[in-house]
Amino acid sequence: MKKLICFVLAFMMPGSFATNLDPENYLLKISQRLTGKWPTPKEYNDLTAQMSRRSCSEIKCMEDYFKAYIDKKMSTPEFYSEATLKVHERFALQTPYTIPFPLVANDSGTDESSSQALLVYRTIKQNLPVDELFISQVVTRTGPKVLSDSAAARNLIEIESETVPKAEVLSADPGVIPQDAALSFDYAGHPNVSGFFTTNKFLTRYWNTPINNGRKRAAAVFKVMLCDPMVPALERVTAKARENALAQGATESTMTTRTIEEIHRDRHGNQKDCAQCHNRLDPLARTMRPLELGVSKFASRGRLRFYDATNQPVDHPAANFHDLIVKITQQQKYNDCQMNWLFRWIVGKDVNVHPQRFADLLGQFEKDGRRMKETIAKLLLSPEFRGETVSFREPVSYKAARDVLNNCYECHSPFLKSHGAELKLTLSKIAYKLDLAHDGQDRLMPPNYHFWAPSKEQVLSVKTWIQEGAPLIEGMPLLNGDEVMKMLDPGVAR
Ligand code: HEC
Ligand code: HEC
C-alpha cells in the first residue's frame, strides 16, 4: 500500500498540477471541514484502492467518489456537531467545545443546547433552506422520558402553557437521535416563534432591559440576517471607558456607582446621527417586545427598514416578529449575506473569489432554493475549495482600471472584491469621488495630503472601463447603458 502511495505522489509531483489539491489532500480537507477530524486509515485505503482500480490520480476522474464521500460525511454525528458549532459561532453564542451527538437530555430537562442543535440538525438532514434557522416554527427538543410534553416546550421557550400544541416524535435517524428522545412541537401561525431567535440561548445571550427595549436583539438580527454589523456601540464604548478607568488606577471595587453611571451615559460616544441606526433598529425592536419574558403569544407590529445593497430604501410593515423575519428572508441582501457566510465557513475566509464566480455561486444558491445541505456539498466540490485557479478572460479596460485603483488600498480595503449590486454601489461612489463626470477635474480622492495622485490618463482609464459597462469578464458588462449614464452624468446633483 505504501508503495502505491509513493508511486501516486511521484506521478503527481511535476508540472502545473502543483497548485491543485491531490485526491488525498482533498479527502483530508473535506473531512477536516465537515467533521474537524482526519479521515480514518480505512478511508485513505479505500481512496487509494479506488484510484488504482481506475488508474486515476486526479480529483477530476474521482468526482463521483468524492460526491459520495461528502454525502456520507454529511450524515455523521460529527458533522452535525460541527455545523451546530458554526451556527453558534455565527450568533456569537458561547458553546461548549463540542456538542455531542446523539443528544442526551439531562435529568432536569434543562439541556439548553438541544433545541438549537436539533434545529440545525433538521435543517441539514432534511435539506431545508438556510432560512429555516431563522423562521422555523417547529420546535424540537430531547427528553420526553423526563418531561411532560408541555413542560418540555415551556422549558424551551416559555410559551404560555395553553398554547403548547401536541408534541410529535421527530422521526429522526435512529443512529443520530434516539427515536424516543426527541419531540417536536409545531407552532405554525404563532406570531413570535422564529427559529434560533426564540430559543433560550439567544434570548439570554441578547438580554433585554426596559431602556434597551429589544434593540440589542434587533441588532443581532441585522447582523446575522443582513450582514449589517450595526456597530454594537454600547458594549464597545462602555468596555473601552471601563478599561480606561481601570488603566488609570481605578479597581473594580473602587469604581463608584457614579463612575459606572457616567460610563453608561456616554454609551454611544459622540455619535452624531442617532437616526442612522435607530431608524432601522427600533421598528424591528418593537416587534420583539413580546419576547421580554419568554415568548408570549401577543403580537407587536413593526417595520422592516434598511438600505439594500444598491442603496434603495426598503420599508415594509410587519404584523409581528415572525412576519418580519420572514420578510427579511425575501430580501436580496439576505441572500447575499447567507451565501457569504456559507462560503466563508466552507471555502475559507482567506480565499479570493472572483466577483463573477461569486455571482454564479449566488445564482446557483438561489436556484437551489437556498438549501443548506446541497449548497455546502456544492461548495466542497467548487474549484475554489480545491484550490484550483479559476481564470477568466479579463478585458483590457478592467485591468487598466484595476491597476489604478490598486493605489487606493493604502487606505481602503479593496473595492473590487464585492460583487453584483454591492459592486455597483461601490462603483457609483468611486465615480463620484473621482469626479469621472468631469474627467477628474474636481476629484476628491485620494485626499490632497496623500503622496500619490492619479494622472489624468489614469482617471480616464477608470472612466473608460465604466463607460464600457464595467465588465469583469470579456463580454459581460456589469452595468447597463442607463446605469452607466447615471453614474457619469455631469448634471446629477450629488
Ligand atoms: C452605529 C449605530 C447607532 C447609532 C448611531 C446610535 N445607536 Fe443607539 N443603539 C445602537 C445599538 C446597536 C443599540 C443596542 C445596543 C445593545 O444593547 O447591545 C443601541 C441602544 C440604544 C439605547 C438603549 C440603551 C440601553 O442602555 O439599553 C438608547 C437609549 C440609544 N441607543 C439611544 C441612542 C441615541 C440617543 C443616539 C444618538 C446620540 C444613538 N442611540 C445612536 C446603535 C446605534
Ligand atoms: C490617504 C488615504 C486615502 C487614499 C489613498 C484614498 N482614500 Fe478614499 N477615502 C479616504 C477617507 C479618509 C475617506 C472618508 C472621508 C470621505 O468620504 O471623504 C475616503 C472615502 C472614499 C470614498 C467614499 C466611501 C463611502 O463609503 O462613502 C470613496 C468611494 C473613495 N474614498 C474612493 C477612493 C479612491 C477611488 C481612491 C484611489 C484613487 C482613494 N479613495 C484613495 C482616504 C483615502
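Quick notes on this one:
- Qualifying residue in the range 354-374 (condition: more than 20 Å from the chain's Cα centre (by Cα), more than 30 Å from Phe451 (Cα to Cα) and either without any contact (Cβ under 8 Å) to a residue 40 or more places away in the chain or crowded, with 20+ Cβ neighbours inside 10 Å (or both)): no
- Subset of the range 383-392 [more than 18 Å from the chain's Cα centre (by Cα) and within 18 Å of Ile59 (Cα to Cα)]: Pro383, Arg386, Gly387, Glu388, Thr389, Val390
Every residue, every condition in (1) under 28 Å from Leu226 (Cα atoms); (2) touching a Ser or Thr at 6+ places or on another chain (Cβ under 7 Å), yes or no:
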site	(1), (2)
Tyr398	no, no
Gly420	yes, no
Lys424	yes, yes
Asp442	no, no
His450	no, no
Glu457	no, no
Val462	no, no
Ala470	yes, no
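- The sole residue among Ala319, Ala309, Ala299 that is of a type outside the set (Lys, Arg) and in contact with a Gly (Cβ under 8 Å, 6 or more places away or on another chain) is Ala309.
- Cβ-Cβ contacts under 9 Å between residues 6 or more apart (or on different chains), taken from a first residue in the range 435-456 that is over 15 Å from Asn406 (Cα atoms) to a second residue that is assigned to a loop (DSSP other than H, G, I, E, B) and among the polar types (S, T, N, Q), are listed as Asp435/Gln441.
- In the range 76-95, the residues that are out of contact with any Phe, Trp or Tyr (no Cβ under 6 Å at 6 or more places or on another chain) and of a type in the set (Gly, Ala, Ser): Ala83, Ala92
- Positions within the range 196-224 being of a type in the set (Phe, Trp, Tyr) and either assigned to a helix (DSSP H, G or I) or under 20 Å from the mean Cα position of the chain (by Cα) (or both), in sequence order: Phe196, Phe197, Phe202, Tyr206, Phe222
- Unique match (being small (Gly, Ala, Ser), more than 18 Å from Ser296 (Cα to Cα), at pLDDT below 85 and in contact with a helix residue (DSSP H, G or I) (Cβ under 9 Å, 6 or more places away or on another chain)) among Ala220, Ala181, Ala233: Ala233
- Some residue of the range 418-434 being more than 16 Å from ligand 2 (Cβ to nearest atom), hydroxyl-bearing (Ser, Thr, Tyr) and surrounded by 15 or more Cβ atoms within 10 Å (Cβ to Cβ): no
The values are calculated or read from the model by the stated rules, or taken from the named source; none is laboratory data. These numbers were taken from a predicted model, which means no experiment stands behind them. Don't worry about glycine lacking a Cβ; one is built from the backbone with ideal geometry, like all the others, and counts go over all protein chains shown.
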